[in-house]
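What follows is a single structure, written as structure tokens, with notes after it.
Readers should treat all values here as calculations from the given coordinates under stated rules, not as data from a laboratory. Quick caveat, the model's predicted, so the values are computed rather than measured. Cβ atoms come from the backbone with ideal geometry, glycine included; neighbour counts cover every protein chain shown.
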2 protein chains.
Amino acid sequence: MKSFKIPEATIIRLSIYSRYLHRLMQQGITTISSSDIAEKTGATSAQVRKDLAYFGEFGTRGVGYDVESLYDSIAEILGVDKEWKLIIIGAGKLGLALSMYEGFRERGFKNVGIFDVDPIKIGKKAQGIKILHLDQLEEVCEAESPDIAIVAVPGEHAQDIVNRVVESGVRSILNFAPRVLTTPIHVQIRNVDFATNLELLTYNMASEDRR
Amino acid sequence: MKSFKIPEATIIRLSIYSRYLHRLMQQGITTISSSDIAEKTGATSAQVRKDLAYFGEFGTRGVGYDVESLYDSIAEILGVDKEWKLIIIGAGKLGLALSMYEGFRERGFKNVGIFDVDPIKIGKKAQGIKILHLDQLEEVCEAESPDIAIVAVPGEHAQDIVNRVVESGVRSILNFAPRVLTTPIHVQIRNVDFATNLELLTYNMASEDRR
């Protein structure tokens, strides 16, 4: 594995290629060309070849790629060949929609806990997993050592939750709360707040309209 | 309004400040300092002041900011002082969770259509809005002229949907489908696929583990 910095756009496309390859496997298709991958994922053939070239040689000229072995290679690159444990904090509409997301199990993510503070929710099940009181967060983290925490709580509680999961050994955070959150350097965080994303769109439309 | 390029990180923070100011207004709080805004939104005081300085002078030294007028100014900058019309394509779990998102109405977004192809869903209501057949997309776009389309369909249909909404005059797209999508230069698109976001996290964890 080469050690120079791979562009994030490459990793995003690998993730997308990989889901397409997964679908081909389910359909029993065994070989595929870079132009087919490109066409079905919205990339260009040159991008597909360049993205893969960062990690080695995968295809056979004139034949294309073996679907299953390419899938396995990309899964290994992306780290989804392993089982990662995740917890979801917040069992509101979004937290529950996420807990039902089929892509998690499909890609080897194991949900080991959903937490909330609402007594009406606690003890109910979401996708077979009991919703626990937030007080049990540290206990579950101790027992299960989750890798990833998905934060789907109101903004004002987000930093406190992040501090607690970081303290409990979580390495990666996917944050849906509309808040700029601070994590120590060894913990990565990605923000996927869609209200903010929407407002980046309206900002650009309003700026255009003012011109 | 200055015309140089404003960093995207500034716009993201303005969106977050603005939601905090909205909450203060609901609580009847009328003035606030940059350090209070900073503390409650996860930014620094210097960031708050710099972010606002791009757009003019808002506070009074020693007094702070008037909450309501600062909220109004940021809302105008972000373009959320207007009513934007949006449509949601895909009434699956995610599309429905999005249609129920309270932040939409709060921020002046008006949902003018939810579309699906599943006969079981069509005619049912989500947040008071009837789920329509995708065949009616062009008709609704003609009648309502939506500004924003939220794409929450399976990846293989996403580009086709994007082409149709672009053809129908939509200017902005928020895409949840795991696909690299192409739009003409005058149409902006933002991708918020969380499976891909999760895999950017696992990629980094796996890379670290290999070191």
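Counting other beta carbons within 10 Å of each residue's own, what order do B:Ser99, A:Ser145 fall into, fewest first? Before the final figure, lay out the partial values.
Working: B:Ser99 21, A:Ser145 13.
Listed from fewest to most nearby Cβ atoms, that is A:Ser145, B:Ser99.
Per the Cauchy relation, a quarter of the hull surface: what is the mean projected area of the convex hull of the alpha carbons in the stretch A:43-149, in nm²? Could you put the intermediate results ahead of the total?
Numbers: hull surface 34.8 nm².
Taking the Cα atoms of the stretch A:43-149, their convex hull projects to 8.7 nm² on average.
Would you mind listing the distances between the B:Met25 label point and the same position in each other copy? Use 7 Å along Cα-to-C-beta, nm, one decimal, shortest first.
The answer, with the shortest distance listed first, is 5.1 nm.
Rounded to the nearest 5, what % of DSSP beta bridges with both residues in the stretch A:84-197 are antiparallel? Spell out each step's value before the answer.
On the way: 2 of 23 bridges.
Percentage antiparallel, nearest 5: 10.
Label the stretch B:65-211 by shape, choosing from rounded, prolate and oblate, from the square roots a ≥ b ≥ c of the eigenvalues of the Cα gyration tensor; if a/c is under 1.5 it is rounded, and otherwise prolate applies when a/b is larger than b/c, oblate when it is not. Spell out each step's value before the answer.
On the way: a/c = 1.66, a/b = 1.09, b/c = 1.52.
Note, shape of the stretch B:65-211 comes out oblate.
Report for the protein assembly as shown the percent antiparallel among DSSP-assigned beta bridges with both residues inside it, nearest 5. All intermediate terms of the calculation are to be shown ahead of the outcome.
Working: 10 of 52 bridges.
The antiparallel fraction comes to roughly 20 percent.
Please name which of B:Ile148, B:Val80, B:Ile120 has its Cα lying farthest along the dipole of the stretch B:80-203 towards the positive end, using unit charges on Cβ (Lys, Arg +1; Asp, Glu -1) and the Cα centre as origin.
Highest projection toward the positive end goes to B:Val80.
How large is the dipole of the protein assembly as shown about the Cα centre if only Lys and Arg carry +1 and Asp and Glu carry -1, each at its Cβ, rounded to the nearest 20 debye?
260 debye
Treat the count of other C-beta atoms within 10 Å as a stand-in for reagent exposure and order B:Arg13, A:Arg190 from fewest to most.
Details: B:Arg13 23, A:Arg190 15.
Ranking B:Arg13, A:Arg190 by Cβ neighbours within 10 Å, fewest first, gives A:Arg190, B:Arg13.
Gain in length, B:Glu83 to B:Glu142, computed as 0.36 nm per residue apart minus the alpha-carbon separation, to one decimal in nm?
Details: separation 59, 0.36 × 59 = 21.24 nm, distance 1.76 nm.
Answer, rounded to one decimal: 19.5 nm.
Kindly provide the helix-only [θ] at 222 nm of chain B, computed as the sum of -39,500 (n - 2.57) over DSSP H runs of four or more divided by all residues, to the nearest 500 deg cm²/dmol?
Roughly -14000 deg cm²/dmol at 222 nm, from the helical runs in chain B.
Using a Gaussian network model of chain B with C-alpha springs under 10 Å, which one of B:Gln47, B:Gln136, B:Gln26 is most mobile by mean-square fluctuation?
Evaluated over chain B, the most mobile residue of the options is B:Gln26.
Using 0.36 nm times the number of residues separating B:His133 and B:Ala53, minus their current alpha carbon distance, what extension gain do you get? If you can, show how the numbers build up before the last one.
Working: separation 80, 0.36 × 80 = 28.80 nm, distance 4.68 nm.
Gain in length upon complete extension: 24.1 nm.
Need one value for A:204-211: mean number of C-beta atoms belonging to other chains within 10 Å of its residues' C-beta atoms.
Working: counts 7, 8, 10, 7, 4, 3, 4, 2.
Per-residue shielding by partner chains comes out at 6.
Filter the trypsin sites (Lys or Arg not before Pro) in the stretch B:19-98 to those in DSSP coil with at most 10 other Cβ atoms within 10 Å of their Cβ, and list the result.
B:Arg61
With each label point set 7 Å from Cα along the Cα-Cβ vector, what nm distance links B:Glu167 and B:Ala9?
Each label point lies 7 Å from its Cα, and together they span 4.2 nm.
What residue of chain A has the nearest C-beta to the axis that moves A onto B, and what is that distance in Å, given as a whole number?
Of all Cβ atoms in A, the one closest to the rotation axis yields A:Ala97, 2.
Counting alpha carbon pairs within less than 8 Å and at least 6 residues apart, what relative contact order, in whole percent, applies to chain B? Before the final figure, lay out each step's value.
Numbers: 289 pairs, mean separation 28.0, N = 211.
With pairs under 8 Å counted, the relative contact order is 13 percent.
Averaged across the residues of B:11-19, what count of C-beta atoms belonging to other chains lies within 10 Å of each residue's C-beta?
Neighbouring Cβ atoms belonging to other protein chains average 6 per residue here.
Distance in nm between label sites at B:Val117 and B:Thr31, each 7 Å beyond Cα in the beta-carbon direction?
So the label points at B:Val117 and B:Thr31 sit 6.0 nm apart.
For chain B, set up a GNM with springs between Cα atoms under 10 Å and report which of B:Ala53, B:Ala75, B:Ala177 has the largest fluctuation.
Maximum fluctuation in the GNM of chain B, among the listed residues, is at B:Ala53.
For chain A, set up a GNM with springs between Cα atoms under 10 Å and report which of A:Gly56, A:Gly155, A:Gly95 has the largest fluctuation.
Per the Cα network of chain A with a 10 Å cutoff, A:Gly56 tops the list.
If you place +1 on the Cβ of every Lys and Arg and -1 on the Cβ of every Asp and Glu, how big does the dipole about the Cα centre of chain A come out, in debye to the nearest 20? It would help to have the intermediate numbers written out before the result.
Working: 25 positive and 28 negative charges, 91 e Å.
Roughly 440 debye for chain A.
What are the label-to-label distances in nm, one decimal and shortest first, from B:Lys5 to the same spot in the other copies, with labels 7 Å along Cα to Cβ?
1.7
What average number of partner chain Cβ atoms lie no more than 10 Å from the Cβ of the residues making up A:172-179?
Numbers: counts 6, 1, 5, 1, 2, 2, 8, 7.
Mean inter-chain Cβ contacts per residue within 10 Å come to 4.
Which GluC sites (Glu not before Pro) does the stretch A:3-103 hold that lie in a coil by DSSP with at most 16 other beta carbons within 10 Å? Before the final figure, lay out the partial values.
Numbers: sites: A:Glu8, A:Glu39, A:Glu57, A:Glu68, A:Glu76, A:Glu83, A:Glu102; in loops: A:Glu57, A:Glu83.
Those that pass, being in a loop and sparsely packed, are A:Glu57, A:Glu83.
Among DSSP bridges having both ends in chain A, what percentage is antiparallel? Round to the nearest 5. Could the numbers behind the result be given before it?
On the way: 5 of 26 bridges.
Rounded to the nearest five, the antiparallel share is 20 percent.
Please list 3J(HN,Hα) in residue order for the stretch A:172-177, calculated via the Karplus relation 6.51 cos²θ - 1.76 cosθ + 1.60 where θ = phi - 60°; whole Hz, with x for glycine and proline.
For the stretch A:172-177, the Karplus-derived couplings read 9, 10, 10, 9, 9, 7 Hz, x marking Gly and Pro.
On a C-alpha basis, how far is the centre of the stretch A:76-110 from the centre of the stretch A:185-211 in Å? Whole number, if you could?
First find each Cα centre; the distance between them is then 24 Å.
Taking a ≥ b ≥ c as the square roots of the eigenvalues of the Cα gyration tensor of the stretch A:8-77, is the shape rounded (a/c under 1.5), prolate (a/b larger than b/c) or oblate? Don't skip to the answer; put the middle values down first.
Working: a/c = 1.29, a/b = 1.19, b/c = 1.08.
Rounded.
Quick one: which residues, 5+ away or cross-chain, put their amide H under 5 Å from the amide H of B:Lys110? H built at 1.01 Å from N.
B:Trp84, B:Lys85, B:Leu86
Ordered shortest first, which distances in nm separate the 7 Å Cα→C-beta label point of A:Ile185 from those of the other copies?
Between copies, matching label points for A:Ile185 lie 4.2 nm apart.
Report Rg/Rh for the protein assembly as shown, rounded to two decimals, where Rg is the Cα radius of gyration and Rh the Kirkwood radius.
Taking Rh as the inverse mean 1/r over Cα pairs, Rg/Rh reads 0.97.
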